[in-house]
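Below you'll find the structure, written out as structure tokens, and then a few comments.
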Amino acid sequence: MALADAYSDKGRPGAPIRLLVGLLYLKYTFNVSDEDLEPRWVENPYWQYFCGYEFMQHEFPIDFTTLIKWRKRIGVERLRELLKETIDLAVRENSLKEKDLSSVNVDTTVQEKNISFPTDSKLACGLIQKLGVEARSAGVKLRQSYRRLSKKKVVEVARYAHAKQFKRMRKSLSKLETWLKRLIRDIERKASANLPVSLDQLLSLSRRYLAKGKLGQDKLYSICEPSVKCISKGKAPKRYEFGQKISIATTNKN
């Protein structure tokens, strides 16, 4: 009943809730991706029975992208309801005693994202490349795209940094950022009022990159994962980690 309002009576019938909830539990219990979940589910009759099937299935009943859309639709609050029900079930089945929940240990860690190490030159070049592609798709005729020049300039920045010629490196990086600013102004001047969502998001990310943590904005570390943050946990082998800070709570016993 907690997930009932996430479904609609109109349109194409949705996948069974038991199937989707079961797949979600299996995914995180065995730490597999959405793509790897499909072949393992097909060959495992116990997984199929757990998801509500009484007979062996030889094909995955849904497309694995349905799980992504379903997680977005139910939201964080309903996922917390699923976690709460898991704990309540453990208490009802006497697998977990209520007194064990009276005191818990809470710790924090970093959930790293699989991104390349962020550098200003690489981010600026990536934004220039993507803005050029999206502007062309939106029918915006640019005065100059700087796509070819930016590729050469990002290599130049890396070479100056390797040679410890930091004054030249900063000068080349400043040139990259100047091209990015020109590109933003050119698109804003020539684009219509109704910009495509993808182009509007790229313009927003470009302004966020140029702000570099100022003006109350978070610094940009990844174009494809804009929510990534730089976190320092004081670890000797890895000074900085890029991802999200998460908390983990466990019982004192068991």
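The accessible surface of segment 1-109, taken with every protein chain in place and a 1.4 Å probe, is 54 percent carbon and sulfur. Result for the chain in a Gaussian network model with C-alpha springs under 10 Å: among Val155, Val140, Val32, the largest mean-square fluctuation is at Val32. Taking GluC sites (Glu not before Pro) as exposed when their DSSP state is a loop state and no more than 12 other Cβ atoms lie within 10 Å, the longest site-free interval of the chain runs over 94-254.
Charged side chains reduced to their Cβ positions (Lys and Arg at +1, Asp and Glu at -1) give the chain a dipole of some 2780 debye around its Cα centre. Segment Asp107..Leu149, full-extension length gain: 10.4 nm, with 0.36 nm per residue of separation and the alpha-carbon distance subtracted. Accessible area per residue for segment 35-175 is 74 Å², calculated with a 1.4 Å probe on protein heavy atoms, without ligands, DNA or RNA. Checking the cross-link pairs Lys171/Lys229; Lys69/Lys99; Lys69/Lys235; Lys152/Lys190 against a 32 Å limit on the alpha carbon distance flags Lys69/Lys99; Lys69/Lys235 as lying beyond it. A compact globular protein would have a Cα radius of gyration near 2.2 N^0.38 Å; the ratio found for segment 57-116 is 1.64. Can you bin segment 213-254 into rounded, prolate or oblate? Criterion: square roots of the alpha carbon gyration tensor eigenvalues sorted a ≥ b ≥ c, rounded for a/c under 1.5, prolate for a/b above b/c, oblate for the rest. Prolate, because a/c is 1.5 or more and a/b exceeds b/c.
Taking 45 Å as R0, compute the FRET efficiency from the Cβ-Cβ separation of Lys97 and Val76 and round it to 0.05.
Plugging the Cβ-Cβ distance into 1/(1 + (r/R0)^6) gives 0.95.
Residue by residue, segment 228-239 carries 3J(HN,Hα) couplings of 5, 10, 8, 10, 10, 9, x, 7, 5, x, 9, 5 Hz when phi is fed to the Karplus relation 6.51 cos²θ - 1.76 cosθ + 1.60 (θ = phi - 60°); x denotes Gly or Pro. In terms of overall dimensions, the C-alpha atoms belonging to the chain reach 67, 50, 35 Å along their principal axes, ordered largest to smallest.
The residues of segment 181-228 present an accessible area of 60 Å² per residue when probed at 1.4 Å with all protein chains retained. How much of the accessible area of segment 110-254, probe 1.4 Å, is carbon plus sulfur, in whole percent? So the carbon and sulfur contribution to the accessible surface is 50 percent.
Heavy-atom accessible area, probed at 1.4 angstrom with all protein chains present, ranks Leu89, Leu131, Leu82, Leu195 as Leu89, Leu195, Leu82, Leu131, highest first.
The values are calculated or read from the model by the stated rules, or taken from the named source; none is laboratory data. Owing to the predicted nature of the structure, the values given are computational and were not obtained by experimental measurement. As a convention, Cβ positions derive from the backbone with ideal geometry for all residues, glycine included, and neighbour counts pool all protein chains shown. Each accessible area value is taken on the protein alone, full model and side chains, heavy atoms only, with ligands, DNA and RNA left out. Shrake-Rupley method; radii C 1.70, N 1.55, O 1.52, S 1.80 Å.
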